[in-house]
Amino acid sequence: MDDDPVSLNNCRILIVDDKAENLELLTNFLEPEGYEVAFATSGKEAINIATIFLPHLILLDVMMPGIDGFETCRRLKSLGKVKEVPVIFVTGKSELSDIVEAFSVGAVDYVTKPIRQEELLARVSTHLQLQALINLRDELISTLRDKTLELEKLSKLKEQQLETSQHFSHIGELVGELTHELGTPLSVVRTAVSHLNEKQQELAQQVQKQTLAKQDLQTFIDNTAQSCEIVLSSMDNVMHLIDSFKNIVVGEFSGTISECNLHDYLHNIQYVLTPKLKRTPHTVSIHCPQVLHLVSDTGALSQVLINLINNALIHAFEEQTAGTIDIQVDHQDDKITLNIKDNGKGISCEQTSKVFDKYYTTRVGAGGSGLGLYIVKKLVESRLNGSIALSSQPGEGTVFTIVLPKELSNQANNR
C-alpha cells in the first residue's frame, strides 16, 4: 500500500459473514496489508460491533441468518456514528437486481464470489482512499469556513473581499455536493458494465468450445438489455445534474444578461440543491407557469434564490421538524413576482427590521457571517433592478417577496 495517495495504515475493516471459512479467507487477504480486522457473523452483531469498533470500511455478505445484508446496510446507514462508512457487499448473489438493490441501500461497491484477492484488495484500497479524501475535503472546507469567519470579524476587511469570499464559499459547497452526488450513479454504471463484461467473456468461451446453447444466448441478450437500461438511466441522472450545475454556476460567474424560461431555471436550481436537501427533512416546491420568459442576470438571480433557500434551511426550522419552502411565481404586465415562503418558526419584529443589515446575524460564533441577506438585497437592487421585502410573524413562517422586471436592460444591470 506504499503507493496509495493517502496512508491506509491501521485502517479498521469490519467483515460480516456467517461462514467461518469466508472470515478466515478475507482476514488472510487483509491483515498482511496492514488493516485492522474485526468480525461479525450476523447483521444484528454487525450493527453492535460497528458502533463500537467504528470501522473505516465494512465488507458485508447478503445471505445471513436473521436480517440479511441489505437490511443490515439500511440500518447502518441510519446510525449517525457509522452512516458515512463505505459498505462493499461481498456475496455469491450475482443477479443484476441484487446489485441494483445493494446500491439502493447505500453500498459503494459489489464484489461477487468466488473472491479474487487482487480485485478485493484493489476495491478496498480504492474506497478507503476515496473516503479518506472526502474526509480531508470536509476538513479543508471546515477549516476554510473557520478562516473565512475569522476574516469576517476583522473590521478593516473590505466589503468586496467579504462578498467574494462568501460567493466562493457558496460555489465551493455546490462543487462538494456535486462531487458526492455523482458517486452513486457512476458506481452503478461501473458495476453494470463489469457485470456485462464478465457475461460476455463467458459467452465467448462457450462459443469457442462450441457449447453455446440457445438459452444461454437469450440469457445474455436479456442481461445486456437490463445492463444498458441501468447504464442509460444512471447516465441520464449524471448528465441532468451536470447540466443543471453548469447552467447555474456558469451563469453566476458570467454576470451577463440572458433569456431563460423561468420554470425550467427554477427547477435547475432545485436540482442542484437536491444533494443538500437529501440530508434534511425539508422540501422545496416550485409553482411557476410552464412557459414564462425572463430576460435578466440569471447568475445573480440564482445567487439570490440559493441564498434564500439556504437561509431558510439554516434558520427557519426547529430541529427534527420537516419543513417546506415554497417558491410561488406570478406575473403581470412587465413585472414578475417571486414569493419564497417557508412554514418555519418565523422572525420577530425586532429581527425583521435588521435582517438585511450588513453583518447582522443570529448565529454569532456558529458560522454566520451576517452577509447572506445583505448580499441578497444588494444583488436584487443593483444587478436585477428589482426590490425585495420581508414579512414574518413568530410561529407563522416567513415570506421573501422579490419583484423583477421581465426584461432587464444592460444599462440597468450596469448601474
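The values are calculated or read from the model by the stated rules, or taken from the named source; none is laboratory data. It should be emphasised that the depicted structure is a prediction, and the values quoted were computed from it without experimental measurement. All Cβ positions, glycine included, derive from the backbone under ideal geometry; neighbour counts span all protein chains shown. These accessible areas exclude ligands, DNA and RNA; they are computed on the full protein's heavy atoms, side chains included. Shrake-Rupley method; radii C 1.70, N 1.55, O 1.52, S 1.80 Å.
The set of residues from the stretch 196-225 being among the acidic types (D, E) and open to solvent by 60 Å² or more (accessible area, probe 1.4 Å) comprises E198, E202, D222. Checking the structure you have, find out if any residue of the stretch 71-79 is surrounded by 13 or more Cβ atoms within 10 Å (Cβ to Cβ) and either out of contact with any helix residue (DSSP H, G or I) (no Cβ under 8 Å at 6 or more places or on another chain) or closer than 17 Å to N9 by Cα (or both). Yes, there is a match, as at least one residue in the stretch 71-79 is surrounded by 13 or more Cβ atoms within 10 Å (Cβ to Cβ) and either out of contact with any helix residue (DSSP H, G or I) (no Cβ under 8 Å at 6 or more places or on another chain) or closer than 17 Å to N9 by Cα (or both).
Somewhere in the stretch 6-24, is a residue in a loop (DSSP other than H, G, I, E, B), in contact with a Lys or Arg (Cβ under 9 Å, 6 or more places away or on another chain), of a type outside the set (V, I, T) and on the phi < 0 side of the Ramachandran plot? No, there is no match, as no residue in the stretch 6-24 is in a loop (DSSP other than H, G, I, E, B), in contact with a Lys or Arg (Cβ under 9 Å, 6 or more places away or on another chain), of a type outside the set (V, I, T) and on the phi < 0 side of the Ramachandran plot.
All told, L196 falls short of being farther than 29 Å from D236 by Cβ and without any contact (Cβ under 8 Å) to a residue 60 or more places away in the chain. On the stretch given as the stretch 46-67, residues that are assigned to a loop (DSSP other than H, G, I, E, B), free of Cβ contacts under 8 Å to residues at least 60 places away in the same chain and either touching a Cys at 6+ places or on another chain (Cβ under 6 Å) or open to solvent by less than 60 Å² (accessible area, probe 1.4 Å) (or both) total 5.
Filtering the stretch 279-296 to residues that are free of Cβ contacts under 8 Å to residues at least 40 places away in the same chain and open to solvent by 70 Å² or more (accessible area, probe 1.4 Å) leaves R279, Q290, V291. Selection over the stretch 80-109 of residues that are under 20 Å from N28 (Cα atoms) and buried (at least 16 other Cβ atoms within 10 Å of the Cβ) gives a count of 5. Sub-6 Å Cβ pairs linking a first residue in the stretch 7-24 that is within 16 Å of A38 (Cβ to Cβ) to a second residue that is open to solvent by 30 Å² or more (accessible area, probe 1.4 Å) and of a type in the set (V, I, T), at least 6 apart or interchain, are D18/T41, ordered by first then second residue. Residue count for the stretch 317-333 satisfying the condition of being more than 22 Å from L384 (Cβ to Cβ) and open to solvent by 10 Å² or more (accessible area, probe 1.4 Å): 7. Selection of the stretch 115-125 for residues being farther than 17 Å from L60 by Cβ and either open to solvent by 70 Å² or more (accessible area, probe 1.4 Å) or not in a helix (DSSP H, G or I) (or both) yields R116, Q117, E118. Taken together, V193, V250 contain a single residue that is over 23 Å from E84 (Cα atoms), modelled with pLDDT under 65 and open to solvent by 70 Å² or more (accessible area, probe 1.4 Å), which is V250. Step by step: first the residues of the stretch 316-340, then only those that are without any contact (Cβ under 8 Å) to a residue 12 or more places away in the chain and not in a strand (DSSP E or B), then the one that is nearest to the chain's Cα centre (by Cα). Which residue is that? The extreme case among them is E319. One residue alone among D264, D236 is surrounded by 14 or more Cβ atoms within 10 Å (Cβ to Cβ), more than 23 Å from K378 (Cα to Cα) and modelled with pLDDT of 70 or more, and that residue is D264. Screening the stretch 35-45 for residues that are open to solvent by 40 Å² or more (accessible area, probe 1.4 Å) and assigned to a strand (DSSP E or B) and picking the one that is farthest from L133 (Cα to Cα) gives F39. Screening A300 against (1) under 16 Å from V376 (Cα atoms); (2) surrounded by fewer than 20 Cβ atoms within 10 Å (Cβ to Cβ); (3) not acidic (D, E) leaves a single unmet condition, (2).
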